[in-house]
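Single-structure report; data block below.
The values are calculated or read from the model by the stated rules, or taken from the named source; none is laboratory data. Model, not experiment: these values are computed from the prediction. All Cβ positions, glycine included, derive from the backbone under ideal geometry; neighbour counts span all protein chains shown. Ligands, DNA and RNA are excluded from the accessible area calculation, which covers all protein heavy atoms including side chains. Shrake-Rupley method; radii C 1.70, N 1.55, O 1.52, S 1.80 Å.
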Amino acid sequence: MSHARSGESGERIAVLDLDGTLAEGSVAAPFIEAMVAGGACDPAAGRAVLACISGYHGDAAGTAHASAAADAYDHIGRALAGAARTDVARAAAEAWPAARERIFPFAAELVGLLHGAGLRTVLISGSPYEIVRLAAAELGIGEAHGMRAEARRGRYTGVLETTPALPGGKRAALREATGGRPVDRRRSFAIGNSPSDAEAFEQVGLAVAFEPDPVLHGWALDRGWITADRQDVLAVCRDLVATHPILGRGLRAAGQR
């Protein structure tokens, strides 16, 4: 991914994480539950995925993120092997009402704030794309990237093509999102809660660690990234944008229209 040099213009982008940031826990859980209940996937592998998700999000001490993600992805690949794409898409649609309930109340307003500041929003999540795209559509986020699985002749092979929660995964997703276009690094934004989100933080000038896990919290302290929680995140982001010499100008202009 290329960046605009000092003094040059470039694309202003806002990178948002989903699980644990815009949503409580994981939106993948109700999706996998729907696949198991509907017979769309291997049930034993599906239950193993759910155990991985529950173990990671329920561990306040901070399970190693990459290791937990790798285990979950391994089971997801097994669960999807041989599954029909139409059945998986149907499971995502059936799961969405329950997944929607996990979206934090502040999420839509945060997206609106970022749009008002002139930023193009991109949702990058480690969860399956089938459910991530529904969250993006619900929140008005312009582009969605998630875990993608290979499919041939209408059925999944069990091979995962993109794994955003693994090391290098969100960097690759961001590279795909920008398509090689210059990014105005100093005027771009990212928010997330886990170590994988640091890959986006390193590419922007404004980064917010939202209720970060212990690893990301330590990095935030070391690197000067702002931290926020569900009570103050909107106020923190409003202040961050409003006091920015360029983004604040865009926000004020949007408010005058």
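G77 meets the conditions (1) open to solvent by 10 Å² or more (accessible area, probe 1.4 Å); (2) over 30 Å from D239 (Cβ atoms); (3) in contact with a Gly (Cβ under 8 Å, 6 or more places away or on another chain) in every case but one. The failed one is (1). Annotation note: Cβ proximity below 6 Å between a residue of region 139-158 that is closer than 25 Å to R100 by Cα and a residue that is surrounded by fewer than 17 Cβ atoms within 10 Å (Cβ to Cβ) and hydrophobic (A, V, I, L, M, F, W, C) (sequence gap 6+ or interchain) occurs for L139/A108.
With respect to the conditions (1) out of contact with any Phe, Trp or Tyr (no Cβ under 6 Å at 6 or more places or on another chain); (2) open to solvent by less than 30 Å² (accessible area, probe 1.4 Å), A207 lacks only one, and its number is (1).
Pairs are defined by a Cβ separation below 8 Å, a sequence spacing of at least 6 or placement on different chains, a first member in region 30-58 that is within 18 Å of R155 (Cβ to Cβ), and a second member that is exposed (fewer than 13 other Cβ atoms within 10 Å of the Cβ); the pairs so defined are D42/G82. Scanning region 184-204 for residues that are crowded, with 18+ Cβ neighbours inside 10 Å, more than 22 Å from T163 (Cβ to Cβ) and either acidic (D, E) or more than 18 Å from the chain's Cα centre (by Cα) (or both) yields a count of 3. At least 3 residues being aliphatic (A, V, I, L, M) and under 30 Å from A91 (Cβ atoms) is the threshold, and among the strands (runs of 3 or more DSSP E) wholly inside region 121-238 those reaching it are 143-152. Only one residue in R230, R249, R238, R223 is open to solvent by 50 Å² or more (accessible area, probe 1.4 Å) and modelled with pLDDT under 85, so which one is that? Just one listed residue meets the conditions, R249.
Total residues in region 80-102 satisfying the condition of being open to solvent by 40 Å² or more (accessible area, probe 1.4 Å) and aliphatic (A, V, I, L, M): the figure is 4. A Cβ distance below 6 Å, combined with a sequence gap of six or more or placement on separate chains, defines the contacts here; from region 59-86, residues that are at pLDDT below 95 reach residues that are surrounded by fewer than 19 Cβ atoms within 10 Å (Cβ to Cβ) and not aliphatic (A, V, I, L, M) in the pairs G62/P214; A66/P167. With respect to T121, is the statement that it is of a type in the set (S, T, N, Q) and open to solvent by 30 Å² or more (accessible area, probe 1.4 Å) true? Considered against the rule, which asks whether it is of a type in the set (S, T, N, Q) and open to solvent by 30 Å² or more (accessible area, probe 1.4 Å), T121 comes out as no.
Looking only at region 124-160, filter to residues that are in contact with a His (Cβ under 8 Å, 6 or more places away or on another chain) and at negative phi; which one of those is most open to solvent (accessible area, probe 1.4 Å)? The extreme case among them is Y129. You will find that of A83, A92, A68, the residue that is over 18 Å from the mean Cα position of the chain (by Cα), within 22 Å of I53 (Cβ to Cβ) and among the small types (G, A, S) is A83 and no other.
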